[in-house]
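Colleague: Dropping a structure here in structure tokens format, bear with me for questions.
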Amino acid sequence: MFKDQVIFDGKCGFCNRTVMFLAKKDVENKFVFVSNESEKGKKILASHQLFKEIIDDSIIVITKDDDAYFRSEAFMFFFKEIAKLRIYYRLLRLVPMKNLCYRLIAKIRRKLPVKNTCEFITDTNFSKKFIH
């Protein structure tokens with residue numbers, strides 16, 4: 001069964017930590033997570049003709065229906081789909097200029113004091129959420 005795909009910046013420690021948080025909350029396994037640096041990530045991005053300027057500063061969700069969501073819209077889609085995070089969806093719907101806030105964080109994310117690596121959990125069910 002095809003799942004929605006979350007494509008993220010694999011070189012960014014903040015992004016890696018964020019994706020680990022999201023993957024832990026996805027207890028229904030609706031999503032798979034793919035680094036934009038991996039071979040699979042590069043193939044997905046090329047097949048959807050996504051350009052470098054979009055890829056470099058955006059988390060991307062590509063749905064089962066082949067729709068693509070970028071930046072804050074990607075987070076909103078994820079929050080709406082995951083029961084444990086739906087409260088964020090309800091709250092953030094009320095926030096104007098979500099993409100502006102996202103872009104500001106995207107500009108500084110690599111400067112944040114976060115390790116560039118994540119400790120992967122050895123649980124095989126959890127590791128199946130990640131495509132390399």
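The values are calculated or read from the model by the stated rules, or taken from the named source; none is laboratory data. None of the values given here were measured: they were computed from a predicted structure. Here Cβ is always computed from backbone atoms with ideal geometry, including for glycine, and neighbour counts include all displayed protein chains.
Colleague: For residues that are in a loop (DSSP other than H, G, I, E, B), at pLDDT 80 or above, surrounded by 14 or more Cβ atoms within 10 Å (Cβ to Cβ) and aliphatic (A, V, I, L, M), tally how many sit in the range 92-132.
Modeller: So the answer is 0.
Colleague: If you take the residues in the range 19-32 that are of a type in the set (Val, Ile, Thr) and surrounded by fewer than 20 Cβ atoms within 10 Å (Cβ to Cβ), which one is nearest to the chain's Cα centre (by Cα)?
Modeller: So the residue we want is 32.
Colleague: For the range 14-47, which residues satisfy the criterion of being modelled with pLDDT under 90 and touching a helix residue (DSSP H, G or I) at 6+ places or on another chain (Cβ under 8 Å)?
Modeller: Answer for the range 14-47, where residues must be modelled with pLDDT under 90 and touching a helix residue (DSSP H, G or I) at 6+ places or on another chain (Cβ under 8 Å): 14, 15, 36, 45.
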